[in-house]
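Please read the structure below before turning to the comments.
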Amino acid sequence: VVTAFLARPLLQTGLISMAHQHHVTTYPYPFSSAWHFGKPHFLRVLIHNIILGLPVLLLAGLFIVPLLTLSDVVPILFNDIIDMTAGRADRLSDEFAVAAETAFEDTGGVFVAVLCAVSCIFTIAWMLLRLLKLVSVRALILEDLSIIDAIKRGGQVLFSNIGSVLILLFMLFAIGVGINIALRIPMMVIGVVMLATITAVQGNMASVLALTGLLGIGILLIYAVVVGIFTTFTETVWTRWYEQVTDVYPQYQQDVMDN
């Protein structure tokens, strides 16, 4: 988890920088170039991501507020879930039903109103912070700004071009959904084939398990490759968009390739 947390800003910085540099050169950058391009901005991008991630955590904590109105209900619910998971029960207990009914009678519509309000605020804030993070990280890297200046610049660029941002976001979302569907269809087919194989070969489970493991590894590798390609594509698209709306054009960084 820690490795992924640290590697993401490094690779993101490398992808954005390499996409930016392709405006002035057709040099076929190797994968190791992501490390060279990412090093100068890594620490700032990491701190930038943490700063914009903190409000999301704080907003998520607001969900505790409506749950506090159900302080007598939550422990009973957790116990029921544990019992159902362990197979000791197949439904929520009558004790939970009585406690929940009493709590809702005591709080009236406050719980539902607060929960709905917090959910709406969290969803809108999460989307805006994600978009701000997406734009401001490019301000930080491509314009070489400080963290605070990059966030300010990102907000300015985001809200002055919100129409094109939403259109591009919808297009990339649609492409992502299409890729997910395209990946899930062969996975479902493989699952059906494996189920039929297990049913037909009941006496040789070792071979079936070995084949299942190999197919699983193959699927994960294919999924990783597709996700990597799509991530590179989206980072490049957003970088090109930022260049167009801000007129930021790169200078060829030959010194990076010489290191």
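A few comments on the model shown:
- Consider the stretch 161-195 and keep the residues that are touching a residue at least 12 places away in the same chain (Cβ under 8 Å) and within 20 Å of ARG138 (Cα to Cα). The one that is farthest from the chain's Cα centre (by Cα) is ASN161.
- Take the conditions (1) within 18 Å of LEU15 (Cβ to Cβ); (2) modelled with pLDDT under 85; VAL237 misses just one of them, which is (2).
Residue-by-condition table, conditions (1) more than 20 Å from the chain's Cα centre (by Cα); (2) surrounded by 15 or more Cβ atoms within 10 Å (Cβ to Cβ); (3) modelled with pLDDT of 75 or more; (4) part of a helix (DSSP H, G or I):
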{"residue": "LEU15", "(1), (2), (3), (4)": "no, yes, yes, yes"}
{"residue": "THR25", "(1), (2), (3), (4)": "yes, no, no, no"}
{"residue": "PHE37", "(1), (2), (3), (4)": "yes, yes, no, yes"}
{"residue": "ILE47", "(1), (2), (3), (4)": "no, no, yes, yes"}
{"residue": "SER71", "(1), (2), (3), (4)": "yes, no, no, no"}
{"residue": "PRO75", "(1), (2), (3), (4)": "yes, no, no, yes"}
{"residue": "ARG91", "(1), (2), (3), (4)": "yes, no, no, no"}
{"residue": "PHE96", "(1), (2), (3), (4)": "yes, yes, no, yes"}
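- Among the residues here, GLY178 qualifies as at pLDDT 85 or above and either part of a helix (DSSP H, G or I) or surrounded by 11 or more Cβ atoms within 10 Å (Cβ to Cβ) (or both).
The values are calculated or read from the model by the stated rules, or taken from the named source; none is laboratory data. All values reported here derive from a predicted model rather than from experimental measurement. Virtual Cβ from ideal backbone geometry, glycine too; neighbours counted across all protein chains shown.
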